[in-house]
Each structure stands twice: as structure tokens, then as C-alpha cells.
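Structure first, commentary second.
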Number of protein chains: 2
Amino acid sequence: MSPEDGGLNFADRLFAAVLEKESPLVVGIDPDPRQIPPQVFGRPRPNEGVRAFLARGVQRFSEAIIAAVAPHACAVKPQLAYFERLGPDGLGAYEAVVACARAHGLLVIADGKRGDIASTASQYAAAYLGEGPGRPAAGEGAGEAEKWLTAADLEGPKADALTVNGYMGRDSLAPFLNALDWGRGAFVLVKTSNPSSGDLQDRRLLAEGEGPGEPGQGAAVSVAELVGGWLEAYNRERAGTWGYGPLGAVVGATFPGELTRLRRALPHTPFLVPGFGAQGGGIGDVAGGFDGRGLGAVVNASRSVLYAYRDSGEQAFDRAAARKAREIKEALKARLFRL
Amino acid sequence: MSPEDGGLNFADRLFAAVLEKESPLVVGIDPDPRQIPPQVFGRPRPNEGVRAFLARGVQRFSEAIIAAVAPHACAVKPQLAYFERLGPDGLGAYEAVVACARAHGLLVIADGKRGDIASTASQYAAAYLGEGPGRPAAGEGAGEAEKWLTAADLEGPKADALTVNGYMGRDSLAPFLNALDWGRGAFVLVKTSNPSSGDLQDRRLLAEGEGPGEPGQGAAVSVAELVGGWLEAYNRERAGTWGYGPLGAVVGATFPGELTRLRRALPHTPFLVPGFGAQGGGIGDVAGGFDGRGLGAVVNASRSVLYAYRDSGEQAFDRAAARKAREIKEALKARLFRL
């Protein structure tokens with residue numbers, strides 16, 4: 001645990017970063033070799049595997065983007081799929097990206113959308129968020145393997161938060177909640193930004209124990225509201241400085257009505273809002289995710305920042321990304337901040 | 001694409017393996033360093049990182065298990081979380097395990113429970129299932145980066161199938177369906193084996209467009225039935241030799257009533273049934289997942305096989321695993337096969 005984690009609620013850490021940078025912008029690191037300027041890759045080294053070669057270029061590109069956007073963003077969100085695609089070398093590039101972002105003072109949200117039974121989910125939590133200082137098994141009396149595992153978890157750089165899929169139910173979230181106790185975060189998928197997100201997430205539920213012929217009195221909640229309700233119940237008891245608890249929700253920018261409705265229904269739950277930019281969400285679309293102080297949410301833009309050079313006529317991809325990130329930051333700030 | 005994939009429906013490949021081995025047993029490879037016999041690890045090499053050291057032991061253990069259970073199982077299911085916990089070296093061990101299983105003639109089901117928006121899900125599909133021979137972009141006229149990516153996807157050994165989380169809706173499944181066209185498989189989470197799976201999956205849905213005060217006529221479907229219905233609609237048009245399509249469902253052994261009900265509701269959908277053994281499911285509990293011929297499902301056992309040595313007094317962990325796998329195979333065969 002680094003000192004800045006000490007005793008903090010992840011929402012406090014997140015919004016402290018937002019206030020310091022005056023920016024709720026999260027830059028998504030989705031490095032697609034087909035969209036990275038070819039000169040970034042150069043040529044393979046002798047006997048270098050293709051994945052190692054591509055991973056080097058992906059890392060170089062991502063590090064340049066991080067350095068360029070650091071003044072304008074509170075966090076970066078590496079998308080694990082792009083790194084996993086390049087195998088072990090890709091995962092090495094992911095870890096280099098995490099270390100680079102932390103060195104630039106940025107929070108890191110690992111976008112893996114993991115979820116599994118508790119014994120497996122605890123492996124994902126350890127892999128991406130590490131293990132806390134209070135881990136009892138690593139102390140006196142722990143077995144040899146337990147001590148090795150604790151050392152292993154300290155070896156790779158860890159993210160500050162991980163995105164999580166709650167389809168498997170509340171016990172599958174429990175291992176991630178442990179990590180919240182020592183300052184790490186999790187964002188659980190509630191209402192996602194993709195076109196088909198409504199297939200399941202918008203469907204409304206019968207009250208428990210209620211038959212289709214015996215409708216309940218209250219309004220039926222949607223699947224998104226059910227999952228959001230789990231998070232809100234947890235956060236209500238753990239609100240920090242700004243009134244938010246540490247367990248976040250992913251709520252997309254592409255359904256602004258839902259975003260506004262969920263902001264009202266989940267007043268203690270911090271939101272990660274993807275879908276801004278390339279997926280179609282604009283400044284007006286994300287406004288409903290914020291509270292009256294301009295807090296409560298962070299907004300992710302990935303492709304629109306990373307590949308800004310393609311539309312800008314600007315030859316230097318990092319300068320184009322910095323300009324785009326600053327532009328989004330200023331637009332969000334003008335619209336949202338009343339502090 | 002290897003020749004055995006040619007033109008085949010994944011369900012045909014899966015059940016051909018079941019019939020050849022006379023075993024619907026899948027052995028889950030969940031290598032937990034705390035449960036692996038310490039002598040498997042030996043001592044670290046000079047200057048070796050902790051994760052590299054543990055990954056070598058995990059690989060050695062997994063390869064010995066695969067060799068031991070190969071005569072008794074149709075497939076193995078490496079659980080990615082245990083490998084990811086060990087970082088890039090762990091992912092290297094995962095790839096070695098995939099290659100080892102394929103060399104032993106076993107199918108490989110990568111258990112990653114991935115799911116994301118389509119552009120990201122296509123990265124997961126390429127990472128774990130590879131790209132098919134017909135990939136148009138890799139041919140004439142493709143860009144340099146596209147050619148490198150195609151070469152990269154050929155570099156690492158790929159699994160035969162991947163587990164997938166459908167919370168994000170049908171468009172998030174589409175990239176995995178592409179891989180089905182050339183013989184790969186996917187198993188989508190429907191009703192999982194963990195205690196809280198009912199939190200969301202058992203909840204029943206109002207019909208679309210129906211208010212809580214205007215109940216529909218039909219029986220309300222559960223979330224599990226909704227997701228299962230997507231798979232069944234796809235498979236119905238694509239049934240192979242045994243009447244099953246290539247898009248599988250994960251349905252746990254720990255809720256045998258649900259398993260039986262879902263088998264009836266989804267007659268063209270192959271099932272992967274976890275939760276057998278350490279999680280509590282027994283032979284009687286899984287029977288409802290099979291059709292009258294003993295096909296339609298495969299059953300996963302992980303910890304009860306991997307760590308059988310701990311209960312058996314048997315010093316050799318691989319012999320203990322082989323004995324346990326054979327015992328499960330014989331019990332399943334006696335109960336299920338009527339071919």
C-alpha cells in the first residue's frame with residue numbers, strides 16, 4: 001500500500017483527483033495497432049516475436065499518450081482486452097502502462113469487466129488490485145506458498161480500481177469489496193453504453209415472490225436498477241467527504257435519460273461514464289451523471305482522444321491527444337463545475 | 001485453423017470428444033499455489049522473479065495433471081484468473097497449458113467469463129480463440145498493422161472455446177459468434193453455480209412493454225431463461241449431428257431443479273455444468289443436464305480432481321488426480337450413457 005491509499009475511501013481519492021486537475025476526464029487506453037501511427041512501431045528486432053514487437057509499440061504509444069494527457073485527466077482506463085490480445089508480452093505492456101500512469105500522478109482504472117465465483121474473483125482482485133496490508137495469511141504462521149503469493153502480488157504494479165461484472169450475484173462481488181477497505185475501487189456494470197445494453201439491463205423485474213398475475217404495488221425496477229441498488233445499499237453506510245461511497249457503477253453516456261434517472265436513484269454511488277466521443281455521447285449527454293457540485297461522476301473518452309491525430313491534420317499523435325483532452329476538459333469544466 | 005476444426009459445429013466437436021473418451025468430464029485447471037504440493041515448486045532460480053518462479057510451478061503442476069487425466073476427460077478448462085494473478089509469466093504458463101492439452105488430444109475451454117462492447121469483445125475473441133482462416137482484412141490489400149495482428153494471433157496457442165458473460169446484451173456476444181463459424185465455441189453464463197447466482201439470474205421479468213399493473217398472460221421468464229433463450233434461438237437454426245448448435249450455456253450443478261428445467265427449455269443448446277465436486281454437486285445433481293443419450297452436457301470438476309491427493313493419502317498428486325478423474329468418469333458413464 002502506498003501512503004496515499006491510507007484510510008481513504010476510493011470515492012474521496014477519485015474526486016480529490018478530479019478537483020486537483022479540475023477535470024473529470026478519464027482517458028481510456030485502448031491501443032489498437034491498426035490505428036496507431038505506423039512509425040511508432042519501427043521494425044522488429046532480430047528474432048523478436050510478432051506479439052513482443054507489437055507490445056513494444058503499444059507500450060510506447062500508450063506511454064506517450066499518458067504523458068500528453070496527464071495535465072488534463074484525473075485517471076486513465078487501460079482496456080485489458082487490447083493488452084491480452086498480445087499475450088504475455090501484452091500483459092507486460094499493461095503493467096508498464098500502469099506504472100507510467102502512477103508515475104504521472106494519474107489514477108488507474110483497469111477495465112477488465114471481471115466476475116466469477118468468490119474463490120476465483122479473489123484471484124482477479126489480487127491480480128489487478130493487489131492485496132492489502134492487513135492480509136492475515138501473509139503474516140506469522142502463514143504457509144510457504146502464502147508468503148510467495150504475497151510477494152508475487154507486490155511484484156507487479158496494481159491499478160487503483162477495476163471494472164466488474166455482477167451477473168453472478170452479490171457473493172461474486174465480495175472479494176472486490178475487501179479491496180475497497182484499503183482504498184482501492186471497483187466499478188460494477190449497471191447500464192452500459194453499447195446499443196444492445198437494454199436487452200437485459202432495461203428489462204423490468206417482478207417483485208420477488210410475485211407472480212405475473214399478482215402484480216405488486218410499486219414501480220417495477222429494471223435489472224440496471226437492481227444491480228445499482230446493491231451498490232447504493234453498500235455505499236450509503238460508507239459515504240466519504242463528498243457523500244459518495246467507494247463502490248462505483250458504470251453508466252453509459254449514450255443513454256442520457258437513464259444516466260439522469262440513475263444519478264437520482266443512487267445518490268451515494270460514484271459513476272464511471274463511458275461512451276463519450278467515438279460512441280456518440282456529448283457534453284450535454286453526460287451532465288445528468290453529475291451532482292450540483294460537478295462531482296459524482298468521471299467521464300471516459302478513449303478513441304476520440306487516442307486517435308485525435310487522424311482527424312486533426314496534426315502529425316504528432318501525442319500533441320493531438322493532448323489538445324483533444326484539454327478541449328474535453330474545458331468543455332466539461334465550463335458545463336459542470338460550480339465549486 | 002487445424003484440420004480437425006474444418007466445417008464443424010463446436011457441439012459436434014465437443015460431443016465427438018465425449019463419445020471417443022466415453023466421458024463428459026471436463027477437468028478444471030485452477031492451479032492455486034497454496035494447494036499444490038510444495039515439492040512441485042522447488043526453489044527459485046538465481047535472479048528469478050517471484051511470479052516467474054510460481055508460474056513455473058503452476059505450469060509443471062498443470063501439465064502433470066493434464067497428462068494424468070487425459071484418458072478420462074474430454075476437455076480441460078483452465079481458469080484464467082489463476083494465471084493472470086501471476087502476471088505476464090502466468091499468462092505464459094496459461095499458453096503452455098493450452099498447448100499441452102491440445103497435444104494430449106483434449107479440447108480446451110478457456111474460463112475467462114469475458115464480455116464487453118463489440119469492438120472490445122472482438123479483441124477477447126482474437127486473444128483466446130484466434131482468428132479464422134477467412135479473415136478478409138488479413139489478405140490482399142490489408143494494412144501493415146492488420147498483417148502483423150494476424151501473425152500475432154497465430155503466435156500463441158488458442159483455446160477451443162471461451163466462457164462469456166452476456167450482461168451487456170446481444171451485440172456484445174456477436175464477436176464470439178464469428179468464431180463459431182469456423183469451429184470454435186463459446187459458453188455464455190446462464191445459471192451459475194455460486195450461492196448468490198439467484199440474486200439476478202432467478203429474478204423474473206415483466207414482458208416487454210408491460211407495466212406492473214398490467215400483467216401478461218404467459219409465465220414470466222427469469223433472467224437466466226431470457227439469456228438462455230438468446231442462445232437457443234441461435235442454435236435452433238444451426239443444429240449439428242446430435243441436434244445441438246455451437247453456442248453453449250453455463251448452467252451449474254448446484255441447482256439441479258434449474259438444470260433440469262433449462263435442459264427442457266433449451267433443447268438445442270449444449271451445457272457446461274460446473275459446481276460438481278468441491279462446490280457440492282453430485283452425480284444425481286448433474287443428470288438433469290443430459291439428454292436421453294447421455295449427450296447435451298459436459299460436467300466440470302476442478303478442485304476435487306486437482307487436489308485429490310490431499311484426501312487420498314496418495315503421495316503422487318497426479319496419480320491421485322487420475323484415480324479421481326477415472327472414478328468420476330465411470331460414475332457418470334454408469335448413470336448417463338445409453339448409447
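The values are calculated or read from the model by the stated rules, or taken from the named source; none is laboratory data. Keep in mind the model is a prediction, meaning the values are calculated, not measured. Cβ atoms come from the backbone with ideal geometry, glycine included; neighbour counts cover every protein chain shown. These area figures cover heavy atoms from the full protein model, side chains too; ligands, DNA and RNA do not enter into them. Shrake-Rupley method; radii C 1.70, N 1.55, O 1.52, S 1.80 Å.
Values as computed for the structure displayed
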item: Evaluation of B:G115 against (1) in contact with a Gly (Cβ under 7 Å, 6 or more places away or on another chain); (2) closer than 25 Å to B:K333 by Cα (one fails), failing number; result: (2)
item: Positions within segment A:280-339 being within 22 Å of A:T269 (Cβ to Cβ) and in contact with a strand residue (DSSP E or B) (Cβ under 6 Å, 6 or more places away or on another chain), in sequence order; result: A:V286, A:G289, A:F290, A:A297, A:V298, A:V299, A:N300, A:A301
item: Any pair with Cβ under 8 angstrom, 6 or more apart, that starts in segment B:305-317 at a residue that is closer than 18 Å to B:F276 by Cβ and touching a residue at least 24 places away in the same chain (Cβ under 8 Å) and ends at one that is aliphatic (A, V, I, L, M) and open to solvent by 20 Å² or more (accessible area, probe 1.4 Å); result: none
item: Pairs with Cβ under 6 Å, 6+ apart, first in segment B:280-294 and open to solvent by less than 20 Å² (accessible area, probe 1.4 Å), second of a type in the set (G, A, S) and at pLDDT 90 or above; result: B:G281/B:A253; B:V286/B:A253; B:G289/B:A297; B:F290/B:G296; B:F290/B:A297
item: In segment B:90-117, the residues that are within 7 Å of chain A (Cβ to nearest Cβ) and not in a strand (DSSP E or B); result: B:L91, B:G92, B:E95, B:G115, B:D116, B:I117
item: Any hit, segment A:173-185, residues being in contact (Cβ under 8 Å) with a residue 40 or more places away in the chain, aromatic (F, W, Y) and closer than 22 Å to B:I29 by Cα; result: no
item: Subset of segment A:88-107 [small (G, A, S) and open to solvent by less than 20 Å² (accessible area, probe 1.4 Å)]; result: A:G90, A:A93, A:A101
item: Residue selected from segment B:120-156 under the condition more than 7 Å from chain A (Cβ to nearest Cβ) and modelled with pLDDT of 95 or more, by the criterion surrounded by the fewest Cβ atoms within 10 Å (Cβ to Cβ); result: B:S122
item: Pick from segment B:43-57, criterion touching a residue at least 24 places away in the same chain (Cβ under 8 Å) and of a type in the set (A, V, I, L, M), ranking: most open to solvent (accessible area, probe 1.4 Å); result: B:A52
item: Test result for B:R85, in contact (Cβ under 8 Å) with a residue 40 or more places away in the chain and either crowded, with 24+ Cβ neighbours inside 10 Å or away from chain A (no Cβ under 12 Å) (or both); result: no
item: Qualifying residue in segment B:260-272 (condition: crowded, with 18+ Cβ neighbours inside 10 Å, over 20 Å from B:A11 (Cα atoms) and in contact (Cβ under 8 Å) with a residue 60 or more places away in the chain); result: no
item: Subset of segment A:7-43 [outside any helix (DSSP H, G or I), under 18 Å from the mean Cα position of the chain (by Cα) and among the small types (G, A, S)]; result: A:S23, A:G28
item: Selection count, segment A:239-261, where residues are under 22 Å from A:N165 (Cβ atoms) and assigned to a loop (DSSP other than H, G, I, E, B); result: 7
item: Unique match (being under 20 Å from A:P78 (Cβ atoms) and acidic (D, E)) among A:D318, A:D291, A:D311; result: A:D318
item: Filter result (closer than 26 Å to A:I283 by Cα and surrounded by 24 or more Cβ atoms within 10 Å (Cβ to Cβ)) within segment A:232-244; result: A:Y244
item: Selection count where residues are farther than 16 Å from B:A301 by Cβ and crowded, with 24+ Cβ neighbours inside 10 Å, scope segment B:58-70; result: 2
item: Single condition A:M168 does not satisfy, out of (1) assigned to a loop (DSSP other than H, G, I, E, B); (2) surrounded by fewer than 24 Cβ atoms within 10 Å (Cβ to Cβ); (3) at the interface with another protein chain (Cβ under 9 Å from one of its Cβ atoms); result: (2)
